[in-house]
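One structure below.
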Amino acid sequence: MNAGLAQRNPEASSTRGVMAERPDVGKLSVRNVGKIYDPEGAAVVAVEDCDVEVEAGDFVAIVGPSGCGKSTLMNAIAGFDTITSGEIMLDGVPLASPQLAPRPGPDRVVVFQHGALFPWKTVLENVTYGPMVQGKLSADEARIKAMGLLGECGGLDRVADTYPPQLSSGMQRRVEIVRALMNDPSILLLDEPFRAMDTVSKTTMHRHLLQMYRLCRRTIIFITHDLEEAVFLADKVMIMTSRPGTMKKSLDITLPRPRATDMLTSEEFRELKLQLSATVHEEAKKAFVRGEREQA
């Protein structure tokens, strides 16, 4: 497909009719979850008695000190790893328990920090690959849906015929988000996807992610170390304790949507960030002291 033709294609002008909201799916329940690595040997308790409740369509950020179990929890939700105790449910269906083997699925799609696009496929081929291989969409249906989503995500339809190595890291990450949404997931899992970006690129990514969230309204679980990012993007921020990780506190973000960058200088934003920072720093200090003891 010619990139210039794709830009003029009316099919690519809007996601209307391509990605509808799904307010009835994406309710996540994490109940008393624990994870012990090497239980017969070192017995490292990564997560302990962890509870999370996320309503369908909510945007939840999870923060906490390094090594607190954020990624361990996300891997269990995604179906990449087992749990030692408790259970994880998505829309009332068990995803994980000590009796269940790990089971990834298209209802949960993960976007990682370092990306996973196929470098030998074009942007359009990357984005259409999943639903076509799964037999969910024909080639024409996948192309129409992909071009609509790419067009909404900052004009990515203009680079539909480009290969990932030719794109900036920010554009690659936007393509990954579109690829994730192509599978029509119940929940989108983002594991520090913007961590390595400079401030300008990260701000651009925030704008595009919020745009896609407004259009598609999927449940999002977002792991980050950036407290400003967490407050700006999420409806709720959950703070994990130092290892073994559990949920210490949940902070409701009262900033109205749609979010705009001028909110970053508001008094309300400053107060929310201060509350979050105080709790996270308390846990980070505990993690530092524990690390010093373990090395002694």
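A few points about this structure:
- Across the chain, the mean sequence separation of Cα contacts (distance under 8 Å, 6 or more residues apart), normalised by length, yields a relative contact order of 26 percent.
- Label of the coordinate-derived value, Cα extents along the principal axes in Å, listed as [x] 71, 56, 39; [y] 63, 48, 37; [z] 56, 42, 39: [y]
- Whole-angstrom gap from the stretch 30-60 to the stretch 252-267, using each part's C-alpha centre: 30
- Helix content alone sets the calculated 222 nm mean residue ellipticity of the chain: runs of n ≥ 4 DSSP H residues at -39500 (n - 2.57) each, divided across all residues, give -11500 deg cm²/dmol.
- Antiparallel content of DSSP bridges confined to the chain, in %, to 5: 50
- Once the Cα atoms are used to define both axes, helix 267-295 deviates from the longest principal axis of the chain by about 60 degrees.
- Counting only alpha carbon atoms, the long axis of helix 139-152 and the longest principal axis of the chain meet at about 70°.
- Using alpha-carbon coordinates, inclination of helix 169-182 to the longest axis of the chain, degrees: 80
- Result for the chain in a Gaussian network model with C-alpha springs under 10 Å: among 265, 72, 122, the largest mean-square fluctuation is at 265.
Every number in this text was worked out from the coordinates using simple rules, so none of it is lab data. Quantities reported herein were computed from a predicted structural model and do not represent experimental measurements.
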